[in-house]
Structures are given as structure tokens and as C-alpha cells.
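These notes concern the structure reproduced below.
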Amino acid sequence: MLPIAVDAMGGDFAPSQIVAGALQAAELGIPIVLVGPETLEGRGDLELIVASEVIEMDDDPASGVRRKKDSTLVRAAEAVRDGKASAMISAGNTGATMASALLRMGRIKNVNRPAIATPIPVP
């Protein structure tokens, strides 16, 4: 089973809380590969895809993806495209996450718009 590429630098309290969550998922048997800087600490035995740049929350999504080719989001999308990961997750810049997926992975045939997964609470 291919791992899920997790953007270690996206979201509030990153990377510590993202890495902690990735480690918890790995303990449950979910294959994880982190995407972050070479100096990423606390990752235990989790594999790392090295990325030297981060697309910040206030960066323009499309230009951020085009300018920061070695960003965690771009490298995560490339991991999926290249068959090194089955999916990518980021708690960072949502627009840049969508743009990196669209620009690096492309579209699925007959799907005109990408979608964002949203948890829907049920009773």
C-alpha cells in the first residue's frame, strides 16, 4: 500500500503538531511519508521527502506553486503523480494545495473541477 504524503510544514503549530499526528497515524498502521525540510525533527522512523521551501498562508496560491518549485506542497503533489504516494494532505494554504494538485497531477478525465474533502458530522 502506498503511503499518504503529509505536508509537515502546513497549518498552525507546524511542524510539531503535524509530525505528532503523522506518528499517531503510523502507529495505527497507516503508511505515511512526511514532506518537509531535511532538518525536520521528531519524525522517528517516518520516511521524509525533502523540500526546502514552504508556501505560506498569505502567498498567492498559483504564483506560490509556480515560484516555489521545491515547496512541501509541490513535492507532495509530485509524490502522488510519480506513484510514490497514494494521496496528499496539508493543513496549510488551501488554494496552494489545490493549485499544486491541479498543476502537478492534472485532472481526472471528465472531472471539470477539483473538490475539497470536508468532514460532515452525522448523529
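The values are calculated or read from the model by the stated rules, or taken from the named source; none is laboratory data. A quick note: this is a predicted structure, and the numbers were derived from the prediction, not measured. All Cβ positions, glycine included, derive from the backbone under ideal geometry; neighbour counts span all protein chains shown. The accessibility values were calculated without ligands, DNA or RNA, using every heavy atom of the protein model including side chains. Shrake-Rupley method; radii C 1.70, N 1.55, O 1.52, S 1.80 Å.
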For segment 92-105, take each phi angle, set θ = phi - 60°, evaluate the Karplus expression 6.51 cos²θ - 1.76 cosθ + 1.60, and give the result in whole Hz per residue in order, putting x for glycine and proline. x, 4, 4, x, 5, 5, 5, 5, 5, 5, 5, 6, 9, 9
In nm, to one decimal, how far is the E56 label point from the E38 one, both placed 7 Å along Cα→Cβ? 2.4 nm
Before I look further, what does the chain give for accessible area per residue, probe 1.4 Å, in whole square angstrom? 62 Å²
Which net charge results for the neighbourhood of P31, defined as the other residues with beta-carbon distances under 13 angstrom from its beta-carbon, given Lys and Arg at +1 and Asp and Glu at -1? -2
In Hz, Karplus ³J(HN,Hα) per residue of segment 72-77 (6.51, -1.76, 1.60; θ = phi - 60°; x = Gly, Pro): 4, 5, 5, 5, 5, 5
Would you pull out the residues with amide H under 5 Å of A87's amide H, same chain only if 5 or more places away, H placed 1.01 Å from N? A5
Reduced Cα scattering model of the chain, Debye log10 I(q)/I(0), q = 0.15, 0.18, 0.22 Å⁻¹: -0.65, -0.92, -1.31
Can you work out the Karplus-derived ³J(HN,Hα) for every residue in segment 27-34? Use 6.51 cos²θ - 1.76 cosθ + 1.60 with θ = phi - 60°, whole Hz, and x for glycine or proline. 5, 7, x, 7, x, 10, 10, 8
How much accessible surface area, in Å² rounded to 10, belongs to the heavy atoms of I55 with a 1.4 Å probe? 10 Å²
Given the -39500 (n - 2.57) contribution per DSSP H run of 4+ residues, what per-residue ellipticity at 222 nm results for the chain, rounded to the nearest 500 deg cm²/dmol? -10000 deg cm²/dmol
Percent of accessible area on the chain owned by carbon and sulfur, 1.4 Å probe? 55 percent
